[in-house]
């Protein structure tokens, strides 16, 4: 049985936590928002398992380096029934911008806005990604409506730099951020499509409830 899902349809609006319930109401694969116990940070994850009275939530974190480069990056945190009942965990679906069959650059932008609002990415990183995407792609070809699969990323970035409309430092910053925005979106999309349909495979990954919030990938 799943708790009532809190809506996250608008990527530009904060999501209001909807208190969940006892641990046994949650099933592996459920997408959830949590308040981290040590820091009070808001994060997004998925239920990995329910064990020994606690719900263990997988928190994706691109900064985490597992032993195998093919393994998902992240860590586990336990959520006790008391913390769940206090409203520290709630149902929070992935945005359609991450799971759409044919994502566009607008979907990439919408995903980072959502990730910023739910704590899945640092605000500074998400904001720099969004600004860079608009600067690099908005005035080119199909603009932000271009399909991600059709983009030659490095060629597009080279064309942006060649216009020399900004200082060398700004060009470098926008290029790096736009590249990271598209590539990290792709990583998160693969995780979502492969891992969030059930309990993720976290072989070799470790974590504790006092680790930093995810989303600082540059």
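This table checks each residue for (1) modelled with pLDDT of 90 or more; (2) assigned to a loop (DSSP other than H, G, I, E, B); (3) over 12 Å from the mean Cα position of the chain (by Cα).
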residue: 34; (1), (2), (3): yes, no, yes
residue: 37; (1), (2), (3): no, yes, yes
residue: 47; (1), (2), (3): yes, no, yes
residue: 67; (1), (2), (3): no, yes, yes
residue: 72; (1), (2), (3): no, yes, yes
residue: 78; (1), (2), (3): yes, no, yes
residue: 90; (1), (2), (3): yes, no, yes
residue: 117; (1), (2), (3): yes, no, no
residue: 121; (1), (2), (3): no, yes, no
Matching residues in the stretch 163-196 - criterion: being surrounded by fewer than 18 Cβ atoms within 10 Å (Cβ to Cβ), assigned to a helix (DSSP H, G or I) and either touching a strand residue (DSSP E or B) at 6+ places or on another chain (Cβ under 7 Å) or at pLDDT below 90 (or both): 168, 187, 190, 193, 194
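Could you tell me whether the stretch 151-161 includes any residue that is closer than 22 Å to residue 191 by Cβ and either in contact with a strand residue (DSSP E or B) (Cβ under 8 Å, 6 or more places away or on another chain) or at pLDDT 95 or above (or both)? Explain how you work it out, then say what you get.
Of all residues in the stretch 151-161, those closer than 22 Å to residue 191 by Cβ come to 151, 153.
Add one more test, that the residue is either in contact with a strand residue (DSSP E or B) (Cβ under 8 Å, 6 or more places away or on another chain) or at pLDDT 95 or above (or both), and what stays is none.
No, the stretch 151-161 has no match at all.
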Output for the stretch 99-142, where each listed residue is at positive phi and in contact (Cβ under 8 Å) with a residue 24 or more places away in the chain: 119
Failed criterion for residue 80 (all others in (1) closer than 22 Å to residue 28 by Cβ; (2) crowded, with 19+ Cβ neighbours inside 10 Å hold): (2)
Residue 128, sole failed condition from (1) modelled with pLDDT of 95 or more; (2) out of contact with any helix residue (DSSP H, G or I) (no Cβ under 7 Å at 6 or more places or on another chain): (2)
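The values are calculated or read from the model by the stated rules, or taken from the named source; none is laboratory data. Everything quoted here is computed from the prediction, not taken from an experiment. Ideal geometry is used to build each Cβ from the backbone, glycine not excepted, and the neighbour counts take in all protein chains shown.
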